[in-house]
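Structure record follows, encoded as structure tokens.
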Amino acid sequence: MSTQSDIREFLATRRAKITPEQAGLPAYGGNRRVAGLRREEVAMLAGVSVDYYTRLERGNFGGVSESVLAAIARALQLDDAEREHLFDLARATATVRPPRRRPAPQRVRPTIQRILDAMTDAPAFVRNNRRDLLAANRLGFAVYSEVYADGPAPVNTARFLFLNPRARTFFLDWQGAATDMVASLRGEAGRDPHDRGLSDLVGELATRSTEFAILWAAHNVRHHTMGAKSIHHPVVGDLHLTFESMDLPADPGLALIVYGTEPGSASQDALRLLSSWAATQEPLPQHQATVRDEA
């Protein structure tokens, strides 16, 4: 992943999404060669010279100020996730890559595992920024049984989504899940472009999945901290779930994901049935997975 090329393509794709009308500019009839804004129009809206904006769009972010970045974000009408991504890319260009260090094990602390196990009515997981599932409670294992069947720990939800044919049945809205996944990974890549594990995952998925490669090239980013997820479980059928994602401040890069259902819904009844089914199954697989932090 090249930060300079990411900057170039991110700005170009954002510019292409804004029409002159949306920016409050005249459309100049039918003589435009591009549907979106021209570089000189973005420069005018941001209050910088055309030459300077052109340099920025070519990925040359050296010395750019936060006020200029904020002006470009306003000109391109970036949302919160896109604005954060733009600033992350700028920080990445100003940071000297640290020397490679010995990979450190990435584990879920026992206290976090105990919190997971105490959640008996809600599926819960801990994942890292590469979407490896490092720990789960019993109901979490049951809900994602199709994902955990993918192979030895740690299973990776992005790899399952794009490379396992069962994912097309498991996720009721596969396209929506795929779009959200890539947009989330794109944001993670902007925050830490030197994460070797994430870079390797992106390279693998882009090589093996045409759908991933197309979505990755769109340079969309999105915050994915809450929302809804619909799956088809092989035991209890369709489940329509809500989720909340909470970062673990003491464990950088790890997040706790908790799922729920609407009270009184068919999905709540199905989740209770799944909990009863899970209690009759073999002992849980290994609670925790250890992965190497390749950053």
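General observations
- Residues that are charged (D, E, K, R) and modelled with pLDDT under 95 were ranked within the range 115-129; the one that is nearest to residue 197 (Cα to Cα) is 117.
- Residue match in the range 68-80 (condition: within 21 Å of the chain's Cα centre (by Cα), of a type in the set (Asp, Glu) and at pLDDT 95 or above): yes
- Taking the range 18-65 as the range and being of a type in the set (Lys, Arg) and either surrounded by 16 or more Cβ atoms within 10 Å (Cβ to Cβ) or assigned to a loop (DSSP other than H, G, I, E, B) (or both) as the test, the residues that pass are 32, 33, 38, 39, 58.
- Cross-chain or 6+ apart pairs with Cβ under 6 Å, the range 215-238 first and in contact (Cβ under 8 Å) with a residue 60 or more places away in the chain, then part of a strand (DSSP E or B) and charged (D, E, K, R): 232/238
- Hits in the range 215-274 - residues which are among the β-branched types (Val, Ile, Thr), part of a loop (DSSP other than H, G, I, E, B) and over 30 Å from residue 14 (Cβ atoms): 235, 236, 261
- Checked against (1) in contact with a strand residue (DSSP E or B) (Cβ under 9 Å, 6 or more places away or on another chain); (2) touching a residue at least 40 places away in the same chain (Cβ under 8 Å), residue 85 passes all but condition (1).
- Filter result for residue 68 (of a type in the set (Val, Ile, Thr) and within 28 Å of residue 185 (Cβ to Cβ)): yes
Yes/no matrix, rows are residues, columns are (1) at pLDDT below 95; (2) surrounded by fewer than 15 Cβ atoms within 10 Å (Cβ to Cβ); (3) outside the structural domain of residue 122 (by TED's automatic domain parsing):
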position	(1), (2), (3)
211	no, no, no
249	yes, yes, no
265	no, yes, no
272	no, yes, no
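- Flag for residue 185 being under 24 Å from residue 227 (Cα atoms) and in a helix (DSSP H, G or I): yes
- Every condition in (1) within 19 Å of the chain's Cα centre (by Cα); (2) surrounded by fewer than 22 Cβ atoms within 10 Å (Cβ to Cβ); (3) touching a residue at least 60 places away in the same chain (Cβ under 8 Å) holds for residue 138 except the one numbered (1).
- Positions within the range 164-182 being of a type in the set (Gly, Ala, Ser), surrounded by 16 or more Cβ atoms within 10 Å (Cβ to Cβ) and within 13 Å of residue 224 (Cβ to Cβ), in sequence order: 177, 178
- Among the residues of the range 159-202, those identified as modelled with pLDDT under 95 and over 13 Å from the mean Cα position of the chain (by Cα) are 193, 194, 195, 196, 197, 199, 200.
The values are calculated or read from the model by the stated rules, or taken from the named source; none is laboratory data. Not measured: the values here are computed from a predicted model. Here the Cβ is made from the backbone with ideal geometry for all residues, glycine too, and neighbour counts use every protein chain on show.
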